[in-house]
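A short write-up of the structure that comes next.
The values are calculated or read from the model by the stated rules, or taken from the named source; none is laboratory data. Just so we're clear, the structure is a prediction, and the values are computed from it rather than from any experiment. Here the Cβ positions follow ideal geometry from the backbone for every residue, glycine too, while neighbour counts run over all protein chains shown. Please note that ligands, DNA and RNA were not included when accessible areas were found on the heavy atoms of the full protein model with its side chains. Shrake-Rupley method; radii C 1.70, N 1.55, O 1.52, S 1.80 Å.
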Amino acid sequence: MKKVISIVLIAQSFLSFAQNISKERVVGIVSALASDEMKGRKFGTPENDKSAEYIAQEFKKNNLDYCFGDSYLVPFEYKGQKGYNVCGIKKGKSEQSLAFSAHFDHIGTNNKEGDNIYNGADDDASGVSTVIGLADYFKDKKTDFSMVFMAFNAEEIGLIGSKALSENQNLTPVFNNIKALFNFEMLATESQFGKNAVFMTGDEFSDFDELINANAVNGLKVYPDPYQGQQLFYRSDNVNFVKRKIIAHSISTVDMNKAFHYHAVNDDINIVDADNLTNIINNFAKTIEKFNTKNFQPKYNDKIKYDF
C-alpha cells in the first residue's frame, strides 16, 4: 500500500510540475517581442503590427475563442494611423469572467549611434509574457470563470489602445461579464519587497489585493502601491476599464528607485530576472486556479471615482 501511495504522490508531483510554464517559454516570449528586429514596437510601425500578429498566433495556439468576429486582431485608428489590439477568450462554466491584460507597444528607436533600440523587455514584454503564460496554463483546464486575454496597443502615447478597446461596442457583452481585470505592467525585475512579490496600484480603492493574498500560493504576496504619489493607478491601461466600473488594477514589480532601464535602450532581455518572472507567473496561475464565482467577487469601496 505504501508503495502504491508513493507512486501516486510522485505522479501527482510530476503532473503539477508539468503544468508549470517553463522559464524557456517565458524567455522565448519576451525575447521575441523585445528583439532588435521588432525595433521597439512603436505604434504605427510594421514591427508594431508584427508584434500584434505574434500575440494573435500565441492566442491561437491556446485555442482561445475570438472576442467577436473572426480574428483576435481588433483594429482601431488614431490620428490617421491604424493599429491593432489583440483579444481572445476562454469559455468557462460561467459567463462571469476574469480578464488579463498587458500592453505590447513601446517607444521605438532613436537616431543616436550604437544601440538605438528601445526594446521594452520589461516595459511591457514581461507583462505580455504573463498574459500568454496564463493562457498557456489554463489551455486545457476547466475553469469556473471564463477568461478574457487582452494585449493593448498604443499605451505609450496615452493609453489609446485600451481606450479604443474598452469603448468598442462589439465587446460590450464581453466586458459586461468581467468581474476583475489583472493588468500586468513591468514584471521583469525584482520588486523592492523581494522575490515572488508584486505591488498593486490603487489598492486603497478595493479589496482585490486582499482576496488575491487570501488565496495566494507558494508565498506569492501582493503589496500596496509604494508609489502612490506618482498616481500609477491612473497612468496605466487599467484606468479605461475602471471607467466602465470594472475592478481593474495594475500589478507590477518595478522598483521605481532603481529602474534606470525605464524608457532606456538597456531595457532588453539582459534586464530580465527570468527565474523570478517565471515563478510569479506560475504562482499567479495557481492562485487564480483557486478562484470561482463564489469565493472571488472583488468590490470597489466608496473611495473610488469613475469620472476623471
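How large is the helix-only mean residue ellipticity at 222 nm for the chain, computed as the sum of -39500 (n - 2.57) over DSSP H runs with n ≥ 4, divided by its residue count, in deg cm²/dmol to the nearest 500?
Calculated at 222 nm, the ellipticity per residue is -9500 deg cm²/dmol.
Enter the accessible area per residue of segment 23-290 (Å², integer; probe 1.4 Å; all protein chains in place).
With all protein chains present, segment 23-290 gives 39 Å² per residue.
Loop only by DSSP, 14 or fewer other Cβ within 10 Å of the Cβ. Give me the GluC sites (Glu not before Pro) in segment 29-119 that pass, ordered by residue number.
95, 113
Would you work out the relative contact order for the chain, in percent, from Cα pairs under 8 angstrom that are 6 or more residues apart?
21
Report the calculated FRET efficiency for residue 193 and residue 172 (r = Cβ-Cβ distance, R0 = 41 Å), to the nearest 0.05.
It comes to 0.65.
Please figure out what share of the DSSP beta bridges in segment 149-308 is antiparallel and state it in percent, rounded to the nearest 5.
Antiparallel bridges: around 35 percent, rounded to the nearest 5.
Within the chain, what percent of beta bridges assigned by DSSP are antiparallel, to the nearest 5?
45
Keeping the other protein chains in place, figure out the carbon and sulfur percent of the accessible area of the chain, with a 1.4 Å probe.
Accessible surface attributable to carbon and sulfur in the chain totals 50 percent.
Between segment 40-56 and segment 65-96, what's the alpha-carbon centroid distance in Å?
The two parts, judged by their Cα centres, are 15 Å apart.
Whole Å is fine, so just give me how far the alpha carbon centre of segment 141-193 lies from that of segment 98-135.
Measuring centre to centre over Cα atoms gives 15 Å.
Would you mind getting me the FRET efficiency between residue 299 and residue 63? Use the beta-carbon distance for r and R0 = 35 Å, nearest 0.05.
0.65
For 271, 55, give me the order by solvent-accessible area with a 1.4 Å probe, most accessible first, ignoring ligands, DNA and RNA.
Largest accessible area first, the list is 271, 55.
Taking θ as phi - 60°, what are the ³J(HN,Hα) couplings along segment 252-263 by the Karplus curve (6.51, -1.76, 1.60), each to the nearest whole Hz, with x for Gly and Pro?
With the stated coefficients, segment 252-263 comes to 8, 10, 4, 8, 4, 7, 10, 7, 6, 8, 4, 6 Hz.
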